[in-house]
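Below is one structure; the comments refer to it alone.
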Amino acid sequence: MRELELDIKSMSLPELKQIMEELKDKPFRAKQLYEWLHQKRVWSYEEMTNLSKALREKLSHEYPLKPIEMIQMQTSKIDGTQKYLFRLRDGNVIESVLMKYKHGNSVCISSQAGCRMGCRFCASTLDGLARNLLPSEMLEQIYRIQEISGERVSNIVIMGSGEPLDNYDNVLRFLKMVSDDMGICISQRNITMSTCGLVPRILQLAEEQLQITLALSLHAPDNEKRQELMPIAKKYTLDQVIDACQYYFQKTGRRLTFEYSLVGGVNDSAEDARQLSGLLKGLNCHVNLIPVNPIKERNYRQSDRQVIDNFKIKLEKYGINVTIRREMGSDIDGACGQLRKRYMEETESEKIK
Ligand code: SAH
């Protein structure tokens, strides 16, 4: 991909060494450049004071830096969660979230602008996929948030807009770079990647020798219900998905997370809980229940609090580890893709006016 070839912030150290060779400069300059980009995290070549002026000029000519820019930020009055809207070099818009927990700060990043998976309750997918994000664009969401908020980021969840395994190569490169000790150095054990379940990609990921946590979006205890909520379930059955997760666990030793968005009257009955526990029997896993965040384009509603609590108790009775996801930033367009979508609608109607 030509885009990637020119994107210096997505390059590994050996690749930067090659560039130095092409530019007829010393190989050790590559390490200096990498540190400026990923450890000191400056945004322009001018700031890289230990590189010669001539080299900085050549670099800005051949490999211009075009970082993402923040265009909006909202802070929740309830829990301090911050939602960021960023503009990419080509005008596309993405969102990311900073969540503050007792154990550290977590950033939720987007892996694509939009999404093509079509999950029925999700706002990110309503307008389809615009494009994949480059590794640098995923890194920069974290760099920008850490700089703007002044908070150290210790955890990453890839749970914003997009299906990370549908952008496999770029996400993999991002994972390696973000955990590299020459960069921002966030431990892979503090990174969770959520997928709707692209089976061949899960199997591939299991071979990469990473230590990240895999979170699988389950959302239903049987194929029929899952197909209603998630089109991808027509391609891969629950058995195939669970087997792939099991394989990921065998290869990495990382405990699995299953996400289950509770949709009122759709997947929240006692029978659903019973079936779900049967499905997960014997797996080393943890279930994260997410009260569905209703979007205006669909008429899904949240389960009542009592129903959510009963669902949890039922799973626990069957010996399953469960948490109910605390709703963060519910006053600031909480659900994935809502803020981006609203921003795009507003700017569209501005254009028409
Ligand atoms: N493509 C990845 C990441 C998506 S976002 C995946 O499918 O896992 C992370 C989680 O939020 C997923 O489990 C997704 O299904 C869920 N989600 C998306 N929109 C939601 C909504 N409106 N309410 C509750 N959960 C939602």
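The values are calculated or read from the model by the stated rules, or taken from the named source; none is laboratory data. Only a predicted model underlies this, so the values are computations on that prediction, with no experimental measurement involved. Cβ placement follows ideal geometry from the backbone for every residue including glycine, while neighbour counts extend to all protein chains displayed. The area values use the complete protein model at the heavy-atom level, side chains included, leaving out ligands, DNA and RNA. Shrake-Rupley method; radii C 1.70, N 1.55, O 1.52, S 1.80 Å.
From the phi angles alone, apply the Karplus equation (6.51, -1.76, 1.60; θ = phi - 60°) to the range 83-92 and give each ³J(HN,Hα) in whole Hz, x where the residue is Gly or Pro.
Ordered by residue, 3J(HN,Hα) equals 10, 10, 10, 10, 9, 8, 4, 9, x, 4 Hz.
Relative to the compact globular guide of 2.2 N^0.38 Å, what is the alpha carbon radius of gyration of the range 196-327, as a ratio?
This ratio for the range 196-327 stands at 1.03.
Tell me, what % of the accessible area of the chain is carbon and sulfur with a 1.4 angstrom probe?
47 percent
Per residue, how large is the accessible surface of the range 48-108? Use a 1.4 angstrom probe and give square angstrom.
Values: 3050 Å² over 61 residues.
Value returned for the range 48-108: 50 Å² of accessible area per residue.
Taking the alpha-carbon set of the range 81-131, what are its Rg and Dmax in Å?
12.8, 37
Using a 1.4 angstrom probe, figure out how much accessible area the range 228-353 has per residue, in square angstrom, rounded to the nearest whole.
53 Å²
Tabulate in residue order the Karplus-calculated ³J(HN,Hα) for the range 97-103, using 6.51 cos²θ - 1.76 cosθ + 1.60 with θ = phi - 60°, rounded to whole Hz; enter x for Gly and Pro.
Calculated HN-Hα couplings, in order: 9, 10, 10, 9, 10, 4, 7 Hz.
Assign one of three labels to the range 2-62, namely rounded, prolate or oblate, based on the Cα gyration tensor with a ≥ b ≥ c the square roots of its eigenvalues; rounded applies when a/c is under 1.5, prolate when it is not and a/b is larger than b/c, and oblate otherwise.
Rounded, since a/c falls under 1.5.
How long are the three semi-axes of the equivalent ellipsoid for the chain, computed from the Cα gyration tensor as the root of 5 times each eigenvalue, in whole Å, largest first?
Three semi-axes, in Å: 38, 23, 18.
Name the residue, out of ALA244, ALA113, ALA215, whose mean-square fluctuation peaks in a Gaussian network model built on the chain with Cα pairs under 10 Å.
Of ALA244, ALA113, ALA215, the Gaussian network model singles out ALA244 as fluctuating most.
Given the -39500 (n - 2.57) contribution per DSSP H run of 4+ residues, what per-residue ellipticity at 222 nm results for the chain, rounded to the nearest 500 deg cm²/dmol?
On the way: 12 runs with 131 residues, N = 353.
Taking each H run of at least 4 residues, the total per residue is -11000 deg cm²/dmol.
At 7 Å along Cα-to-Cβ for each site, give me the label-to-label distance between ASN284 and VAL42 in nm.
4.5 nm
Whole Å is fine, so just give me how far the alpha carbon centre of the range 24-51 lies from that of the range 260-326.
A separation of 49 Å, based on Cα centres.
GNM, the chain, Cα, under 10 Å: largest mean-square fluctuation among ARG41, ARG340, ARG298?
ARG298
Give the percent of DSSP beta bridges with both residues in the chain that are antiparallel, rounded to the nearest 5.
45 percent
In angstroms, what radius of gyration and Dmax does the range 79-170 have, counting Cα atoms only?
When restricted to Cα atoms, the range 79-170 yields Rg and Dmax of 13.0, 37 Å.
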